[in-house]
Amino acid sequence: MKQSLALVVDDEPDILELLEITLSRMGIASKTAQDLSEAKKLLKSNHFDICLTDLQLPDGNGLELVEYIQTHCPSLPTAVITAFGSMETAINALKLGAFDFVSKPVDLKSLKNLVSSAIKINDTTAPADRRSREQLLGDSVVMANVRAKIAKLARSQAPIYISGDSGTGKELVAKLIHEKGPRANYAFVPINCGAIPQELMESEFFGHKKGSFTGAIADKPGLFQTASGGTLFLDEVADLPLHMQVKLLRAIQEKSIRPIGSETEIAIDVRILSATHKNLSQLVDAGQFRQDLYYRINVIELALPSLRERKEDIPQLALHVLKKLAIAHNETAKRLNDDAIKALRQYAFPGNVRELENILERASTLCEGAEITPHDLHLPDTPTLNSNPTASNNGEQLEDYLGSLEKQAIVKALEKTRWNKTAAAKELGITFRALRYRLKKLGLDD
C-alpha cells in the first residue's frame, strides 16, 4: 500500500517539526517548505495527498498558495493554519477552495481529524461515489449544475448554506453532500431549529451534565456530540433565537462546546450544513439574524431551484413518485395521461417537489382506473405560473388550504348521510376505499 505524502509549508521550524512528527505517527510522510516559491517547486515535482500551509509566509501568504493549488492541483486538499483570531482570513481561504483550517496553537486531535478526512477524499481503495443523478432526479440544466456543485462541495469541509423554497429538497441535498464526502461513514444528524422549544435548545445542541438543572437526571450528549466525525444539518436555521445564535457562532469558531453544568469544554469535529426557506440576508438587515453568524455558515451558498424553474423535470419526477407509491402499496403503478402531464407543467407548484408528491399520492388513491387524468389531480385554479407562487388563501400554505377544503366536503357528506361511509362515498363521487384513505389521512377515521 502506497504511503501518503504531505506538503507542509511554514517558516517556523518548531511548527514544521511538530507537524512532521504528528504526520509521521499517522503513517504519513512529509516534505517541507518555508516559503511560497519553494512550495510551488515541490508541487511541480511531487504528487501530494494533502497540503498544510501557514497563512503568513516570507514571500507571500497561504491564500496565494490555495489559489495556486486550485488552478494547478485541484484534487489536492489544502488546509490552512491560522493565527488565533484570524477567522476572517480562514473564511476567505475556504471561499477560495481550502479544504479546512486549523488555528494556532495547533490542537493535535483536531489536526489528526482534519488530516484523516483530507486523506479519505482521494482514497483509491474505497473511493466515494460522487454521482448523485439517481438520488437527485432531473435532466434539466439547472439540476445538472446542482449535482456538479454537490460533487465539488463534498470534497470540502467549508460550511455550506443551502437556500431554496420549501419543498425543494434541501435536506436531501445536505445528506448527499455528506454521503459523497469523507465523513460518509459517520453520522448525518438533521435538526429542525424551529421545532425545539427555546428553553431546551442549549441542552439539545450542547448536552448537559446530571443535576445541572431540574429534570437533568443523567448526563446527556448534545447533537454536536451525536454528530461527532460526521455532519450536523441545521434546517430552518433562521428560526434560532438570538441567544442561541451567539452560542452556535462560538461553537463553530472555537470548534468546541461546553455542556450545561460542565466546567470543561469538549472539542468537536463536525461539518456544519444549514438551510432555510427564508431570506437570511434580509433577516440580517432587519436585525433578526446575527451578521457574524451569517458569514460563518454562509461561506458557500448552494441555491436550489424551484420546480417552476425546471418544469421539464416534472414527467421524470412524477414517474419516480408513482413507482414509489406502487411499491409502498404493493400494487401496479398508475400512469399520467398526456393532459395530466400538461396540467402539471402549467401549475406553479408553490410547494415544489413535496407538493408534487402529495398531489400524486392523492391522485393515485382517488383514481378509479390505471390512468390519472387532470380531473384526478384536483389542481386548484390558482396558483398558476402567472400568479404569486409563494402565498395563497390568506397566507395559508396551499396543502393546508386544500386539506381544509377537502375535510369540510367530507364532513358535510358524512353529516348528510348520518355518518354512513358507503353513502358518503357515493355522495362525494369516490370509492369507499378512497374515502377510507382520506378519512385516515385527515384524522377523521375515529
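The values are calculated or read from the model by the stated rules, or taken from the named source; none is laboratory data. The structure presented is a predicted model; accordingly, all values stated were derived computationally and were not measured. All Cβ positions, even for glycine, are placed from backbone atoms using ideal geometry, and neighbour counts span all protein chains on display. Areas reflect the complete protein model, heavy atoms only, side chains present, ligands, DNA and RNA absent. Shrake-Rupley method; radii C 1.70, N 1.55, O 1.52, S 1.80 Å.
If amide H atoms are built 1.01 Å from N in the plane of the peptide, which residues on other chains or at least 5 residues away come under 5 Å of the amide H of PHE188?
Hits under the 5 Å cutoff: THR231.
Which distance in nm do the two modelled labels at ALA409 and ASN145 give, with both placed 7 Å along the Cα-to-Cβ direction?
It works out to 3.9 nm between the two label points.
Once the Cβ-Cβ distance between TRP419 and ALA343 is put in as r, and R0 is 35 Å, what FRET efficiency do you end up with, to the nearest 0.05? Before the final figure, lay out the partial values.
On the way: r = 34 Å, r/R0 = 0.97.
Here the calculated transfer efficiency is 0.55.
Give the residue list of chymotrypsin sites (Phe, Trp or Tyr not before Pro) in region 203-252 that are DSSP loop and have at most 14 other beta-carbon atoms within 10 angstrom. Could you put the intermediate results ahead of the total?
Details: sites: PHE205, PHE206, PHE213, PHE224, PHE233; in loops: PHE213.
Filter output for region 203-252: PHE213.
Take the chain, connect every pair of alpha-carbon atoms lying under 10 Å apart with a spring to form a Gaussian network, then pick out the residue of ALA33, ALA90, ALA424 with the largest mean-square fluctuation.
ALA424
Could you give each residue of region 409-416 its phi-based ³J(HN,Hα) in whole Hz, using Karplus coefficients 6.51, -1.76, 1.60 with θ = phi - 60°, and x for Gly or Pro?
Result, ordered by residue: 5, 5, 4, 4, 5, 5, 5, 5 Hz.
Excluding residues on the same chain fewer than 8 positions from LYS210, give the lysines whose Cα lies under 25 Å from its Cα.
LYS210 reaches LYS220, LYS247, LYS255.
Within region 161-261, report the trypsin sites (Lys or Arg not before Pro) that DSSP leaves as loop and that have at most 11 other Cβ atoms within 10 Å. Show your work: numbers first, answer last.
Values: sites: LYS170, LYS175, LYS180, ARG183, LYS209, LYS210, LYS247, ARG250, LYS255; in loops: LYS180, ARG183, LYS209, LYS210, LYS255.
Those satisfying the criteria are LYS210.
Could you give me the ³J(HN,Hα) list for region 158-167, computed from phi with Karplus coefficients 6.51, -1.76, 1.60 and θ = phi - 60°, whole Hz, x at Gly and Pro?
Along region 158-167, the couplings run 5, x, 10, 9, 9, 10, x, 5, 4, x Hz.
I'd like the FRET efficiency for GLU309 and LYS152, computed as 1/(1 + (r/R0)^6) with the beta carbon distance as r and R0 of 25 Å, rounded to 0.05. Don't skip to the end; give the middle numbers.
Values: r = 21 Å, r/R0 = 0.84.
It comes to 0.75.
Give me a comma-separated list of calculated 3J(HN,Hα) values for region 227-244, in order, Karplus coefficients 6.51, -1.76, 1.60 applied at θ = phi - 60°, integers in Hz, x for any Gly or Pro.
8, 3, x, x, 10, 10, 9, 9, 7, 6, 4, 5, 7, 5, x, 4, 5, 7
Roughly how many nanometres apart are two label points built 7 Å out from the Cα toward the Cβ at GLN70 and ASN46?
Placing both labels 7 Å beyond Cα along the Cβ direction yields 2.4 nm.
Mind pulling the angle between the C-alpha long axis of helix 62-72 and the longest principal axis of the chain? Nearest 10 degrees, somewhere in 0 to 90.
The angle comes out at about 70 degrees.
Apply 1/(1 + (r/R0)^6) to the Cβ-Cβ distance of LEU137 and ASP11, taking R0 = 35 Å, and write down the FRET efficiency to the nearest 0.05. Walk me through the intermediate numbers first.
Values: r = 50 Å, r/R0 = 1.44.
With a Förster radius of 35 Å, E is 0.10.
Could you give the length gained on full extension between GLN253 and ARG25, defined as 0.36 nm per residue of separation minus the Cα-Cα distance, in nm? Please list the in-between numbers first.
Working: separation 228, 0.36 × 228 = 82.08 nm, distance 2.74 nm.
Contour length minus the Cα-Cα distance gives 79.3 nm.
Just add up the charged neighbours of MET201: K/R +1, D/E -1, any other residue whose Cβ is under 12 Å from the Cβ of MET201. Can you show the working numbers first?
On the way: positive: LYS247; negative: GLU199, GLU202, GLU204, ASP239.
Computed value for this residue: -3.
Using a 1.4 Å probe on the protein heavy atoms, what percent of the accessible area of the chain belongs to carbon and sulfur?
Values: 11000 of 22400 Å².
So the carbon and sulfur contribution to the accessible surface is 49 percent.
Of the peptides 286-296, 155-165, how do they stack up when ordered by the mean number of other Cβ atoms within 10 Å, highest first? All intermediate terms of the calculation are to be shown ahead of the outcome.
On the way: 286-296: 15.8, 155-165: 21.8.
Peptide ranking by packing, descending: 155-165, 286-296.
Which value in nm describes the separation of the simple spin-label points at ALA83 and ARG354, placed 7 Å from the Cα toward the beta carbon?
4.6
Which cross-chain or sequence-distant (5 or more) residues have an amide H under 5 Å from the amide H of SER163, H modelled 1.01 Å from N in plane?
So SER163 has HN proximity to LEU302, ALA303, LEU304.
Which entries in LYS324/LYS412; LYS104/LYS180; LYS175/LYS209; LYS175/LYS323; LYS2/LYS41 show an alpha-carbon gap greater than 27 Å?
Details: LYS324/LYS412 33 Å; LYS104/LYS180 30 Å; LYS175/LYS209 30 Å; LYS175/LYS323 23 Å; LYS2/LYS41 22 Å.
Exceeds cut-off: LYS324/LYS412; LYS104/LYS180; LYS175/LYS209.
In terms of the Cα gyration tensor, with a ≥ b ≥ c the square roots of its eigenvalues, is the chain rounded because a/c is under 1.5, prolate because a/b exceeds b/c, or oblate?
Details: a/c = 2.61, a/b = 1.93, b/c = 1.35.
The shape class here is prolate.
Would you kindly state how much longer the chain becomes between GLN316 and LYS104 on full extension, computed as 0.36 nm times their sequence separation minus their alpha carbon distance, in nm to one decimal? Provide the component values of the computation, followed by the final result.
Numbers: separation 212, 0.36 × 212 = 76.32 nm, distance 5.07 nm.
Taking 0.36 nm per residue and subtracting the Cα distance, the gain is 71.3 nm.
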